[in-house]
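**Q** Please find one structure pasted underneath; my questions will follow.
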Amino acid sequence: MDCGHTFCNDCWRQHFKVQIGEGQARTIRCMSHRCGVVCDEEKVCALLKSDCGTRSSSAGGAGGVCGGSSSGGGDGTNVSSDGGVKEAAGALEKYTRSLALSYVEDNARVQFCPRVPWCGHAIQVDGDPFVEPECACGKVFCFKWDEWDEKIHGDSETRNWFMANTKPCPKCQKPVEKNGGCNLVMCKCGQAFCWLCGAATGTAHTWQKIEGHSCGRWKDEMDRKIDAAARNHQRYMHYFERYKLHMDSYNKEGAKRTDLLKRIGEMVETGIEARDYTWLVRAMDQLKVARGVLSNSYAFAYFFFGGEMYKDNFSEQENQRNQTLFEDYQQRLESEVERLSGLVEDCSGSLTIDADARVQVINSTVSIESRIIKFFEMIETDLYGQLQSCSAQIAVYRSKRNLVA
């Protein structure tokens with residue numbers, strides 16, 4: 001290795017396997033005592049690869065330089081060799097995968113695709129990082145803004161719901177939901193406790209108080225915490241449900257496009273008719289792009305209006321005015337998207353060309369494109385342009401992306 005310490009290849013291979021098996025694949029260090037030099041990646045790969053090749057081509061063989069010996073011969077040796085090949089191949093696979101993960105995590109211009117479940121891809125962006133790349137799996141995402149994905153796939157809102165609707169039992173610590181009006185709550189473990197302050201109590205009580213217990217000033221504080229958690233959760237669900245609605249539609253648009261092209265191809269092959277459906281395919285592509293914009297607009301609104309991220313930049317009145325402006329643009333785009341969706345559904349169902357319907361689809365497609373552009377310009381100018389304590393950027397809208405006939 002680069003540090004100059006020398007051991008036989010068999011010892012190095014065994015050291016590598018042990019380190020990889022213990023989860024140290026990213027920083028395999030020299031096995032010499034007190035040497036902290038990280039082993040060269042190419043040498044690690046070369047030795048593990050040679051181990052796979054040597055074992056697979058040899059049924060037995062002499063022991064290693066360090067005195068290791070092979071056991072038995074015949075069938076027993078073949079089994080041992082096969083096991084060694086699998087072990088070396090497994091270690092090599094883990095090591096190369098760990099190197100790839102390390103490259104992605106350490107490189108600011110590379111990110112894993114946020115699709116759930118993960119598609120197995122990572123995306124590298126050259127140039128402006130404020131973009132919305134499209135993964136090979138079809139997922140389009142904001143390269144520099146992953147707070148929303150972390151939130152919807154994490155457990156922060158689950159914790160909010162539990163905080164708003166349950167209290168931990170003071171004995172077993174399991175969450176207990178209050179299902180009645182009395183402040184005495186009974187856990188399944190048999191422990192009674194006060195819903196207001198969470199303290200363990202006896203079971204003697206009336207509707208007004210619990211015998212031998214008083215939580216006094218805790219009531220207002222606990223009520224505030226519960227109310228705040230409930231409001232935050234309800235606000236999150238408002239935006240999340242609309243985000244998911246458009247994202248589900250976004251995912252369906254691709255399948256609808258594929259089905260349409262398949263049906264058009266079958267009609268052409270059978271000689272039934274050969275007409276130009278480019279306008280219809282383009283409308284479907286525009287719908288997919290618009291669904292992506294709308295779904296992300298709800299994630300944007302969750303953070304920008306009423307959240308913690310920009311609260312120091314606007315007064316309550318300014319924030320309300322900005323939100324009204326934003327929702328006006330959002331709803332106008334949304335209404336036109338639903339209109340085009342209905343038109344496309346009718347036209348693609350029968351594949352009959354009605355001149356009026358065709359004109360309506362084309363006009364609606366152009367209108368949606370224009371509304372998206374104006375939506376982005378409004379956010380850039382009227383919202384981000386007012387920020388004082390921080391700066392922000394919106395990914396540039398590329399009107400031709402995904403609009404391929």
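**Q** Let me spell it out: the conditions are (1) under 39 Å from the mean Cα position of the chain (by Cα); (2) open to solvent by less than 80 Å² (accessible area, probe 1.4 Å); (3) at pLDDT below 85, and K174 meets all of them except one. Which number is the exception?
**A** Single failed check for K174: (2).
Condition check ((1) surrounded by 13 or more Cβ atoms within 10 Å (Cβ to Cβ); (2) in contact with a strand residue (DSSP E or B) (Cβ under 7 Å, 6 or more places away or on another chain); (3) among the polar types (S, T, N, Q); (4) modelled with pLDDT of 70 or more) across all residues:
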| position | (1), (2), (3), (4) |
| --- | --- |
| D51 | yes, no, no, yes |
| S80 | yes, no, yes, no |
| A91 | yes, no, no, yes |
| R109 | no, yes, no, yes |
| C113 | yes, yes, no, yes |
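**Q** Of the conditions (1) modelled with pLDDT of 80 or more; (2) assigned by the TED database to the domain that holds F303; (3) surrounded by 13 or more Cβ atoms within 10 Å (Cβ to Cβ); (4) over 30 Å from A301 (Cβ atoms), M186 satisfies every one except a single condition; which number is it?
**A** Looking at each condition in turn, M186 falls short on (2).
**Q** The conditions are (1) touching a helix residue (DSSP H, G or I) at 6+ places or on another chain (Cβ under 9 Å); (2) open to solvent by 60 Å² or more (accessible area, probe 1.4 Å); (3) touching a residue at least 12 places away in the same chain (Cβ under 8 Å), and I372 fails exactly one of them. Which is it?
**A** (2)
**Q** Could you go through segment 308-323 and let me know if any residue there is among the small types (G, A, S) and in contact (Cβ under 8 Å) with a residue 40 or more places away in the chain. Show your work before the answer.
**A** Filtering segment 308-323 for residues among the small types (G, A, S) gives 315.
Retained after the next criterion (residues that are in contact (Cβ under 8 Å) with a residue 40 or more places away in the chain): none.
No, every residue in segment 308-323 fails to be among the small types (G, A, S) and in contact (Cβ under 8 Å) with a residue 40 or more places away in the chain.
**Q** Going through E266, E316 one at a time, which residue ends up being charged (D, E, K, R) and closer than 30 Å to H233 by Cβ?
**A** Numbers: E266 fails: closer than 30 Å to H233 by Cβ.
Residue meeting the stated conditions: E316.
**Q** Where the second residue is surrounded by fewer than 20 Cβ atoms within 10 Å (Cβ to Cβ) and charged (D, E, K, R) and the first is under 13 Å from C172 (Cβ atoms) and touching a residue at least 24 places away in the same chain (Cβ under 8 Å) and lies in segment 182-206, which pairs have Cβ atoms under 9 Å and are six or more apart or on separate chains?
**A** Sorted first by the residue in segment 182-206, then by its partner, the pairs are F193/K171; A200/K171.
**Q** Right, here's the next one. Could you tell me whether any residue of segment 306-317 is open to solvent by less than 50 Å² (accessible area, probe 1.4 Å), over 29 Å from the mean Cα position of the chain (by Cα) and aromatic (F, W, Y)?
**A** For segment 306-317, residues open to solvent by less than 50 Å² (accessible area, probe 1.4 Å), over 29 Å from the mean Cα position of the chain (by Cα) and aromatic (F, W, Y): present.
The values are calculated or read from the model by the stated rules, or taken from the named source; none is laboratory data. None of the values given here were measured: they were computed from a predicted structure. Heads up, the Cβs are rebuilt from the backbone with ideal geometry, glycines too, and the neighbour counts pull from every protein chain shown. Keep in mind that these areas ignore ligands, DNA and RNA; they rest on the heavy atoms of the full protein, side chains included. Shrake-Rupley method; radii C 1.70, N 1.55, O 1.52, S 1.80 Å.
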